[in-house]
Amino acid sequence: MRLATVQTLHEPRVVGVHSDSGTDRFVDLCAADAGLPRTLSAILALSDGLDRARAAFAKGLAANQFVTGNPLAPLPYPGKVFCIGLNYRDHALETKAQIPGEPIVFSKFSSAIVGPGVPIILPRASHKVDYEAELVVVIGRRGKLISAADAPSYIAGYMIGNDVSARDWQTEKPGKQWLLGKTPDTFGPTGPWLVTADEIPDPCNLGIRLRLNGQTMQDSTTKELIFSPAKLIEHITKVVTIDPGDIIFTGTPPGVGVARTPPVFLKDGDQIEVEIDRLGVLKSPVRAE
(Lines give C-alpha, C1' and ligand atoms only; values in the text may rest on other atoms or scores of the structure.)
Protein backbone atom coordinates (compact mmCIF):
# COMPACT_ATOMS: atom_id res chain seq x y z
CA MET A 1 0.00 0.00 0.00
CA ARG A 2 1.17 3.50 -0.82
CA LEU A 3 0.17 6.27 1.59
CA ALA A 4 0.59 9.97 1.00
CA THR A 5 -0.41 13.37 2.36
CA VAL A 6 -1.91 15.80 -0.13
CA GLN A 7 -2.90 19.43 0.18
CA THR A 8 -6.49 19.78 -0.98
CA LEU A 9 -8.34 23.05 -1.49
CA HIS A 10 -9.27 23.16 2.20
CA GLU A 11 -6.80 21.06 4.22
CA PRO A 12 -4.17 18.33 4.10
CA ARG A 13 -5.63 14.85 3.70
CA VAL A 14 -4.14 11.37 4.17
CA VAL A 15 -4.69 9.30 1.04
CA GLY A 16 -4.02 5.92 -0.45
CA VAL A 17 -2.46 6.04 -3.90
CA HIS A 18 -4.09 4.08 -6.71
CA SER A 19 -2.41 3.80 -10.11
CA ASP A 20 -4.49 3.25 -13.22
CA SER A 21 -3.01 3.34 -16.72
CA GLY A 22 0.00 5.28 -15.49
CA THR A 23 -2.09 7.86 -13.63
CA ASP A 24 -1.95 8.18 -9.84
CA ARG A 25 -5.24 8.90 -8.08
CA PHE A 26 -5.75 9.62 -4.40
CA VAL A 27 -8.31 7.77 -2.28
CA ASP A 28 -9.46 9.89 0.68
CA LEU A 29 -9.00 7.55 3.64
CA CYS A 30 -10.89 9.68 6.15
CA ALA A 31 -13.89 9.88 3.82
CA ALA A 32 -14.01 6.09 3.89
CA ASP A 33 -13.37 5.84 7.65
CA ALA A 34 -14.49 8.98 9.47
CA GLY A 35 -12.84 7.83 12.70
CA LEU A 36 -9.40 7.56 11.16
CA PRO A 37 -6.91 10.22 12.39
CA ARG A 38 -6.25 13.13 10.04
CA THR A 39 -2.45 12.76 9.92
CA LEU A 40 -0.29 9.86 8.84
CA SER A 41 1.80 10.00 12.01
CA ALA A 42 -1.38 9.66 14.11
CA ILE A 43 -2.51 6.72 11.99
CA LEU A 44 0.85 5.03 12.57
CA ALA A 45 0.48 5.59 16.30
CA LEU A 46 -2.64 3.39 16.38
CA SER A 47 -1.96 -0.28 17.06
CA ASP A 48 -4.22 -1.16 14.11
CA GLY A 49 -3.61 2.03 12.13
CA LEU A 50 -2.21 0.47 8.99
CA ASP A 51 -4.89 -2.23 8.98
CA ARG A 52 -7.58 0.44 9.20
CA ALA A 53 -5.88 2.48 6.50
CA ARG A 54 -5.79 -0.58 4.26
CA ALA A 55 -9.48 -1.26 4.85
CA ALA A 56 -10.35 2.41 4.23
CA PHE A 57 -8.34 2.36 1.02
CA ALA A 58 -10.23 -0.69 -0.28
CA LYS A 59 -13.60 0.80 0.74
CA GLY A 60 -12.83 4.23 -0.71
CA LEU A 61 -11.53 2.74 -3.94
CA ALA A 62 -14.72 0.72 -4.39
CA ALA A 63 -16.83 3.83 -3.73
CA ASN A 64 -14.71 6.12 -5.95
CA GLN A 65 -13.91 8.38 -3.01
CA PHE A 66 -11.09 10.17 -4.78
CA VAL A 67 -9.68 13.56 -3.88
CA THR A 68 -7.43 15.92 -5.81
CA GLY A 69 -4.52 17.80 -4.33
CA ASN A 70 -0.79 18.46 -4.39
CA PRO A 71 1.44 15.89 -2.66
CA LEU A 72 3.18 17.07 0.50
CA ALA A 73 5.86 15.22 2.42
CA PRO A 74 4.14 11.99 3.54
CA LEU A 75 5.06 12.94 7.12
CA PRO A 76 5.20 16.76 6.99
CA TYR A 77 6.28 17.06 10.64
CA PRO A 78 8.17 13.92 11.65
CA GLY A 79 8.99 13.58 15.32
CA LYS A 80 12.69 12.71 15.18
CA VAL A 81 14.81 12.76 12.05
CA PHE A 82 17.82 10.47 12.29
CA CYS A 83 20.48 10.51 9.57
CA ILE A 84 23.33 8.10 8.95
CA GLY A 85 26.74 8.98 7.55
CA LEU A 86 29.05 6.75 5.49
CA ASN A 87 26.65 3.82 5.34
CA TYR A 88 27.46 2.58 1.82
CA ARG A 89 30.67 0.63 1.25
CA ASP A 90 31.13 2.11 -2.21
CA HIS A 91 30.57 5.66 -0.88
CA ALA A 92 33.12 5.16 1.92
CA LEU A 93 35.66 4.02 -0.69
CA GLU A 94 34.78 7.02 -2.87
CA THR A 95 35.53 9.46 -0.06
CA LYS A 96 38.65 7.51 1.00
CA ALA A 97 37.11 7.11 4.47
CA GLN A 98 37.57 4.13 6.73
CA ILE A 99 34.49 1.90 6.79
CA PRO A 100 32.88 2.65 10.17
CA GLY A 101 32.63 -0.02 12.83
CA GLU A 102 29.29 1.32 14.03
CA PRO A 103 26.72 3.72 12.57
CA ILE A 104 27.54 7.42 12.38
CA VAL A 105 24.35 9.18 13.49
CA PHE A 106 23.38 12.85 13.18
CA SER A 107 20.09 14.68 12.77
CA LYS A 108 18.06 17.22 10.88
CA PHE A 109 15.33 19.43 12.30
CA SER A 110 11.84 18.46 11.18
CA SER A 111 11.58 21.98 9.68
CA ALA A 112 13.96 20.81 6.93
CA ILE A 113 11.41 18.29 5.65
CA VAL A 114 9.58 19.18 2.43
CA GLY A 115 7.60 17.23 -0.11
CA PRO A 116 7.93 16.46 -3.82
CA GLY A 117 8.12 19.42 -6.15
CA VAL A 118 9.03 21.86 -3.37
CA PRO A 119 12.18 23.81 -4.30
CA ILE A 120 15.41 23.15 -2.47
CA ILE A 121 16.48 26.65 -1.46
CA LEU A 122 20.21 27.40 -1.68
CA PRO A 123 21.08 29.59 1.32
CA ARG A 124 22.99 32.80 0.67
CA ALA A 125 25.39 31.66 3.39
CA SER A 126 26.47 28.50 1.52
CA HIS A 127 28.22 28.00 -1.80
CA LYS A 128 28.72 24.23 -1.68
CA VAL A 129 25.29 22.61 -1.50
CA ASP A 130 25.27 18.92 -2.40
CA TYR A 131 22.70 16.19 -3.09
CA GLU A 132 22.42 12.75 -1.42
CA ALA A 133 19.93 10.12 -2.58
CA GLU A 134 18.72 8.05 0.37
CA LEU A 135 16.35 5.30 1.43
CA VAL A 136 14.24 6.56 4.35
CA VAL A 137 12.82 4.25 7.02
CA VAL A 138 9.53 5.23 8.69
CA ILE A 139 8.99 4.01 12.25
CA GLY A 140 5.59 2.54 13.09
CA ARG A 141 5.90 1.49 16.75
CA ARG A 142 7.30 2.97 19.95
CA GLY A 143 10.27 1.12 21.40
CA LYS A 144 13.71 1.11 22.98
CA LEU A 145 16.45 -1.52 23.31
CA ILE A 146 15.22 -3.24 20.16
CA SER A 147 17.21 -6.13 18.73
CA ALA A 148 18.00 -6.30 15.03
CA ALA A 149 15.92 -9.47 14.88
CA ASP A 150 12.86 -7.64 16.21
CA ALA A 151 13.49 -4.35 14.42
CA PRO A 152 11.54 -5.11 11.21
CA SER A 153 8.29 -5.22 13.20
CA TYR A 154 8.91 -1.57 14.16
CA ILE A 155 9.14 -0.41 10.54
CA ALA A 156 5.92 0.97 9.03
CA GLY A 157 7.40 1.49 5.60
CA TYR A 158 9.89 3.23 3.38
CA MET A 159 10.11 6.35 1.27
CA ILE A 160 12.64 8.26 -0.80
CA GLY A 161 14.73 11.06 0.68
CA ASN A 162 17.41 13.54 -0.32
CA ASP A 163 19.84 14.46 2.46
CA VAL A 164 20.78 17.85 1.01
CA SER A 165 24.03 19.08 2.56
CA ALA A 166 25.88 22.41 2.78
CA ARG A 167 29.41 21.02 2.61
CA ASP A 168 31.11 24.30 3.49
CA TRP A 169 29.17 24.40 6.78
CA GLN A 170 29.40 20.66 7.39
CA THR A 171 33.18 20.32 7.09
CA GLU A 172 34.84 23.73 6.76
CA LYS A 173 33.49 25.62 9.77
CA PRO A 174 35.42 25.61 13.08
CA GLY A 175 34.77 22.29 14.80
CA LYS A 176 32.69 21.30 11.77
CA GLN A 177 28.98 22.11 11.81
CA TRP A 178 27.20 18.92 10.79
CA LEU A 179 23.86 20.00 12.21
CA LEU A 180 23.73 23.41 10.53
CA GLY A 181 25.23 21.96 7.37
CA LYS A 182 22.48 19.37 7.16
CA THR A 183 19.38 21.13 8.42
CA PRO A 184 18.79 24.38 6.51
CA ASP A 185 15.18 24.91 5.46
CA THR A 186 14.13 22.57 2.59
CA PHE A 187 17.22 20.33 3.00
CA GLY A 188 15.11 17.20 3.60
CA PRO A 189 12.89 16.37 0.61
CA THR A 190 10.91 13.15 1.13
CA GLY A 191 8.17 11.32 -0.75
CA PRO A 192 6.34 11.08 -2.97
CA TRP A 193 4.65 8.54 -0.69
CA LEU A 194 5.27 5.94 1.99
CA VAL A 195 5.30 2.35 0.75
CA THR A 196 4.32 -0.02 3.54
CA ALA A 197 6.91 -2.54 4.69
CA ASP A 198 4.90 -5.56 3.50
CA GLU A 199 5.58 -4.46 -0.08
CA ILE A 200 9.35 -4.19 0.47
CA PRO A 201 10.40 -7.63 1.75
CA ASP A 202 14.12 -6.83 1.43
CA PRO A 203 15.10 -3.16 1.84
CA CYS A 204 18.72 -4.21 1.26
CA ASN A 205 18.07 -5.14 -2.36
CA LEU A 206 16.83 -1.96 -4.02
CA GLY A 207 18.39 0.02 -6.84
CA ILE A 208 18.94 3.67 -5.93
CA ARG A 209 19.69 6.45 -8.40
CA LEU A 210 19.92 10.24 -8.56
CA ARG A 211 19.71 12.34 -11.71
CA LEU A 212 20.80 15.96 -11.89
CA ASN A 213 19.35 17.79 -14.90
CA GLY A 214 18.79 14.38 -16.52
CA GLN A 215 22.34 13.13 -15.95
CA THR A 216 22.77 10.12 -13.68
CA MET A 217 25.06 11.10 -10.80
CA GLN A 218 24.40 8.28 -8.32
CA ASP A 219 23.61 4.70 -9.32
CA SER A 220 24.00 1.95 -6.75
CA THR A 221 22.03 -0.55 -4.70
CA THR A 222 21.08 -0.85 -1.06
CA LYS A 223 23.02 -4.13 -1.11
CA GLU A 224 25.98 -1.82 -0.41
CA LEU A 225 24.55 -0.70 2.93
CA ILE A 226 27.04 -1.33 5.73
CA PHE A 227 24.32 -1.27 8.39
CA SER A 228 20.84 -2.49 7.44
CA PRO A 229 17.72 -0.65 8.64
CA ALA A 230 17.35 -3.32 11.33
CA LYS A 231 20.91 -2.77 12.56
CA LEU A 232 20.37 1.00 12.58
CA ILE A 233 17.27 0.63 14.74
CA GLU A 234 19.15 -1.68 17.10
CA HIS A 235 21.97 0.86 17.44
CA ILE A 236 19.81 3.97 17.82
CA THR A 237 17.49 2.42 20.40
CA LYS A 238 20.36 1.59 22.71
CA VAL A 239 20.05 5.20 23.87
CA VAL A 240 16.94 6.74 22.23
CA THR A 241 13.27 5.74 22.27
CA ILE A 242 11.77 5.68 18.78
CA ASP A 243 8.16 6.65 18.12
CA PRO A 244 5.65 6.24 15.29
CA GLY A 245 6.38 8.85 12.65
CA ASP A 246 10.10 9.09 13.37
CA ILE A 247 12.23 8.67 10.25
CA ILE A 248 15.75 7.46 9.47
CA PHE A 249 17.73 8.64 6.44
CA THR A 250 19.92 5.57 5.93
CA GLY A 251 22.91 7.04 4.06
CA THR A 252 23.88 7.79 0.49
CA PRO A 253 25.71 5.85 -2.25
CA PRO A 254 28.70 7.14 -4.26
CA GLY A 255 28.50 9.92 -6.79
CA VAL A 256 27.93 12.89 -4.48
CA GLY A 257 29.05 16.23 -5.84
CA VAL A 258 31.78 16.94 -3.31
CA ALA A 259 33.65 13.73 -4.22
CA ARG A 260 33.75 14.51 -7.94
CA THR A 261 36.66 16.03 -9.88
CA PRO A 262 35.92 18.85 -10.22
CA PRO A 263 33.26 19.04 -7.50
CA VAL A 264 29.64 19.52 -8.58
CA PHE A 265 27.44 21.67 -6.36
CA LEU A 266 23.81 22.63 -6.82
CA LYS A 267 22.89 25.85 -8.57
CA ASP A 268 19.76 27.86 -9.23
CA GLY A 269 17.57 26.19 -11.85
CA ASP A 270 18.81 22.63 -11.33
CA GLN A 271 16.36 19.74 -11.36
CA ILE A 272 16.90 16.65 -9.20
CA GLU A 273 15.24 13.25 -9.44
CA VAL A 274 15.85 10.53 -6.86
CA GLU A 275 14.58 7.09 -7.83
CA ILE A 276 14.48 3.92 -5.73
CA ASP A 277 13.13 0.63 -7.02
CA ARG A 278 9.50 0.02 -5.95
CA LEU A 279 9.31 3.40 -4.18
CA GLY A 280 8.90 5.77 -7.12
CA VAL A 281 10.63 9.02 -8.04
CA LEU A 282 11.12 12.13 -5.89
CA LYS A 283 11.53 15.31 -7.92
CA SER A 284 12.90 18.58 -6.56
CA PRO A 285 13.74 21.84 -8.34
CA VAL A 286 16.57 23.99 -6.97
CA ARG A 287 16.28 27.74 -6.37
CA ALA A 288 18.60 30.40 -5.01
CA GLU A 289 17.53 32.19 -1.83
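For region 17-71, give me each residue that is of a type in the set (A, V, I, L, M), touching a strand residue (DSSP E or B) at 6+ places or on another chain (Cβ under 8 Å) and part of a helix (DSSP H, G or I). Spell out the reasoning first.
First, pick out the residues of region 17-71 that are of a type in the set (A, V, I, L, M): 17, 27, 29, 31-32, 34, 36, 40, 42-46, 50, 53, 55-56, 58, 61-63, 67.
Still in the running and touching a strand residue (DSSP E or B) at 6+ places or on another chain (Cβ under 8 Å): 17, 27, 29, 31, 36, 40, 43-44, 50, 53, 56, 61, 67.
Answer for region 17-71, where residues must be of a type in the set (A, V, I, L, M), touching a strand residue (DSSP E or B) at 6+ places or on another chain (Cβ under 8 Å) and part of a helix (DSSP H, G or I): L29, A31, L40, I43, L44, L50, A53, A56, L61.
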Fill in: Tally of residues being among the hydroxyl-bearing types (S, T, Y), buried (at least 23 other Cβ atoms within 10 Å of the Cβ) and in a loop (DSSP other than H, G, I, E, B) across region 245-288
2
Discussion item. Residue under question is L86, and the condition is that it be surrounded by 15 or more Cβ atoms within 10 Å (Cβ to Cβ), outside the structural domain of G157 (by TED's automatic domain parsing) and either in contact with a strand residue (DSSP E or B) (Cβ under 7 Å, 6 or more places away or on another chain) or closer than 20 Å to L232 by Cα (or both); does it hold?
Written reply: no
Worksheet entry | region 104-151, subset under 24 Å from P184 (Cβ atoms), more than 18 Å from the chain's Cα centre (by Cα) and not β-branched (V, I, T), residue surrounded by the most Cβ atoms within 10 Å (Cβ to Cβ) | L122
Worksheet entry | Residue check, G79 surrounded by fewer than 17 Cβ atoms within 10 Å (Cβ to Cβ), free of Cβ contacts under 8 Å to residues at least 24 places away in the same chain and outside any helix (DSSP H, G or I) | no
Worksheet item: Counting just the residues of region 240-274 that are farther than 21 Å from R287 by Cβ and more than 21 Å from the chain's Cα centre (by Cα), which one comes out modelled with the highest pLDDT?
Response: P262
Worksheet item: How many residues are of a type in the set (A, V, I, L, M, F, W, C) and part of a loop (DSSP other than H, G, I, E, B) if we restrict to region 186-244?
Response: 8
Worksheet item: Which pairs have Cβ atoms under 9 Å, sit 6 or more apart or on different chains, and link a residue in region 17-36 that is in contact (Cβ under 8 Å) with a residue 60 or more places away in the chain to one that is in a strand (DSSP E or B) and basic (K, R)?
Response: V17/R2; V17/R25
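Anything in region 161-178 that is among the acidic types (D, E) and assigned to a loop (DSSP other than H, G, I, E, B)? List them, or say none.
Narrowing region 161-178 to residues among the acidic types (D, E): 163, 168, 172.
Within region 161-178, D163 is the sole residue that qualifies.
The values are calculated or read from the model by the stated rules, or taken from the named source; none is laboratory data. This is a predicted model, so every value here is computed, not measured. Don't worry about glycine lacking a Cβ; one is built from the backbone with ideal geometry, like all the others, and counts go over all protein chains shown.
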